Structure formats: structure tokens, C-alpha cells
Amino acid sequence: MSVAFVKEESAEAASETLLPDRPISPHPNLVTEAGLKALELQLQQAREAYSAASTIEDVNERRRQAANPLRDLRYLAARVRTAQVIPDPTSFDNVAFGSTVTFSRDDGRVQTYRVVGEDEADPKAGSISFVSPVARTLIGKTIGDVVSVGGKELEVIAIS
């Protein structure tokens, strides 16, 4: 009998359906309220994508289409379950989780970032993770403080 008539999954198809889990950070899963809502939305979207993939008749195609949503479901469920919502800071005396900090670099550039959780960090959109080197160095600092990050000096010029 020709293998063309046998419906067996190839090694290539199997590798596409057995995706490794997304790595979970060893750091506490601190999030803002907006960050938790974003995680919950992503979890719902992953559920919907998995549900849609589950309706595909061809078993190999169904497994391929369900692989990413299933991996995302495991990751996002864990992140939502372990999320620790940190309220927005009530004081702007020093940089804290949830603060928006503006600093000047020694090359003259001025940058503003909000310190947020790992899953919600997006430097291009103006947010950095609280475990990033810049945020770790700035947390606890006040306006006028100068810190060194990666051999460069940063001066805190505003906190909100």
C-alpha cells in the first residue's frame, strides 16, 4: 500500500503542533489595572482562536492551527492567575511602579516612560518593564537624581 493513502502525521507536522511553552518570568507578576485587563483580553482572544481552530475537520490542519492559541492559552492563563495588581502611585515624590518618569540622557535626549509590568511593557509606546535595567535603576529616585545605566548618565527631571 502506498503511503499516499495513509493519513499519518509527518515529523514536520508533529513539530508544528508541539510548540514549547512560552517562558514565564521568574519575577513577581506585577501589573497595572490596565495591564490586567489587557492580559484578560488576550486570554479571551486566545480562547476564541483555539475554539475556531478546533472546528477544522482535517486533524493535521486542526492541530497546526490550534498550536499557537493553545500555547498562548497556557501562558496567559498563568499570567492572569499570578497577576498582582499594583495601584497607581498616589505620590510623585519618587519613581515607583506605575510612575511616568522623564529623564535626560547625557547625550541631551529627553525620554519619558511609564514603569509597568513585563507583559505590558512596550518601549516604542512609552512603557518599560519594572525589571528593565533603566527602571530598576530609577525606582526610588527623586527629581534631580543622576544615575548611571550602562555607562550612561540619566537625570530624573519629572515624575507623574
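None of the figures in this text is laboratory data; all of them are computed from the coordinates on show. Since we're looking at a predicted model, the values are computed, not measured. All Cβ positions, even for glycine, are placed from backbone atoms using ideal geometry, and neighbour counts span all protein chains on display.
Cα centroids of the range 104-138 and the range 45-94: 25 Å apart. Over all other residues within a Cβ to Cβ distance under 11 Å of LEU154, the charged ones net out to -1, with Lys and Arg as +1 and Asp and Glu as -1. Scanning residues 5 or more positions from ASN29 or on other chains, those with amide H under 5 Å from its amide H are GLN84, with H placed 1.01 Å from N in the peptide plane.
Compared with the alpha-carbon gap, the fully stretched path from ASP145 to VAL131 is longer by 3.1 nm at 0.36 nm per residue. Placing pseudo-labels 7 Å out from each Cα toward the beta carbon at GLU57 and ALA77 gives an inter-label distance of 2.9 nm.
Backbone geometry of the range 140-145 corresponds, through the Karplus equation with coefficients 6.51, -1.76 and 1.60 at θ = phi - 60°, to 3J(HN,Hα) couplings of x, 7, 10, 4, x, 5 Hz, x marking Gly and Pro. Only lysine pairs 8 or more places apart, or on different chains, with alpha-carbon atoms under 25 angstrom apart are counted in the chain, and they number 4. Convex hull volume of the Cα atoms of the range 62-160, normalised per residue: 117 Å³. Take every pair of alpha-carbon atoms less than 8 Å apart whose residues are at least six positions apart; their mean separation over the length of the range 85-160 yields a relative contact order of 33 percent.
Could you work out the relative contact order of the chain? I mean the mean sequence separation of Cα pairs under 8 Å and 6+ apart, divided by the number of residues, in percent.
21 percent
Taking 0.36 nm per residue of separation and subtracting the current Cα-Cα distance, fully stretching the chain between THR90 and GLU48 would add 11.4 nm.
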